[in-house]
Amino acid sequence: MRLLVIEDEKRIADSVARGLEGAGFQVDIALSGARALELARAKAYDLFILDLMLPDMDGLRLLERIRNRKVSTPVLILSALGAVDDRVKGLEHGADDYLGKPFSFVELLARVRALLRRGQPSTGRLQVGDLVLDCVRRTVTRGGELIELGPKEFRILEFLMRQRGRVVTRPMIVEHIWETDYDGLTNIVDVHIRHLRSRVDDPWEEKLIHTVRGTGYVLDTKPPPRRQSCGQ
């Protein structure tokens with residue numbers, strides 16, 4: 001799972017990142033709000049860890065902007081502003097948890113894991129239209145018909161379904177499925193998507209996997225709006 005630590009104090013950011021990486025997570029760091037927004041647009045994260053006192057914008061304003069983009073990724077605020085009013089304000093602005101500084105890394109890790117568990121579907125079941133993916137039994141059905149998928153195709157489909165309605169780029173798929181930044185694998189993504197479509201979409205009239213030209217893919221019951229070129 002990939003986490004984004006948004007913290008302007010590099011020493012703290014590096015320390016938190018090292019600890020989380022040691023626990024098996026992939027971690028990116030943003031030292032400013034602008035950088036956090038840039039990374040959040042470019043990659044899909046499973047959790048944000050957010051400091052409120054950023055150099056270029058208030059952390060609560062950043063949180064609002066994240067939520068206004070309909071991003072439901074869990075947010076854990078990690079801040080020296082630890083008064084009750086600060087905690088209430090953070091939660092009211094859309095945070096899922098709040099931990100004051102100074103903090104114990106053991107407690108931080110426990111809260112991260114709890115939020116990630118909370119973010120998973122309680123039934124272990126994802127559904128878009130008549131397409132159903134059972135995360136526990138590792139099965140996929142559409143219209144009640146069982147669909148056989150290879151391990152990589154299953155993971156790609158699960159990733160797309162968890163990002164329903166959101167454009168997922170090829171590098172994002174590479175990072176989550178192959179856990180590497182190697183751009184040379186993006187052509188392999190297209191191959192797997194073609195195989196996935198042949199099983200999930202081709203036999204049905206309604207298509208769920210949509211291509212966003214030059215960007216990536218969206219899985220939803222409706223295709224994304226077409227971008228207009230300059231002059232149109």
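Derivation of every value follows stated rules applied to the coordinates shown; laboratory data play no part. Source: prediction; values computed, not measured. In this analysis, Cβ positions are derived from the backbone assuming ideal geometry, glycine residues included, and neighbour counts consider all displayed protein chains.
Given a Förster distance of 45 angstrom, what is the FRET efficiency for Glu107 paired with Glu148, based on the Cβ-Cβ distance and rounded to 0.05? Don't skip to the end; give the middle numbers.
Working: r = 43 Å, r/R0 = 0.97.
About 0.55, to the nearest 0.05.
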Exposed-loop cut sites defined as GluC sites (Glu not before Pro) in DSSP loop states with at most 16 other Cβ within 10 angstrom; longest site-free run of the chain spans 10-147
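Would you kindly state the longest site-free stretch of the chain, with sites defined as chymotrypsin sites (Phe, Trp or Tyr not before Pro) in a DSSP loop (not H, G, I, E, B) surrounded by at most 15 other Cβ atoms within 10 Å?
Details: sites that count: Trp178, Tyr182, Trp204.
Within the chain, the longest run free of exposed chymotrypsin sites (Phe, Trp or Tyr not before Pro) spans 1-177.
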In terms of the alpha carbon gyration tensor, root eigenvalues a ≥ b ≥ c, rounded if a/c is under 1.5 and otherwise prolate when a/b exceeds b/c or oblate, region 125-219 is prolate
Given trypsin sites (Lys or Arg not before Pro), DSSP loops and at most 10 other Cβ atoms within 10 Å, the longest exposed-site-free stretch of the chain is 138-212
Listed by chain and number, the lysines with an alpha carbon less than 16 angstrom from that of Lys43, same-chain partners under 8 positions apart left out, are Lys70
Sorting Thr73, Leu54, Leu91 by the position of each Cα along the dipole of region 32-108 (Lys, Arg +1; Asp, Glu -1; all at Cβ), the one nearest the positive end of that ordering is Thr73
Log entry: pair-distance distribution for the chain, C-alpha pairs binned every 10 Å from zero, whole % per bin is 7, 29, 32, 22, 9, 1
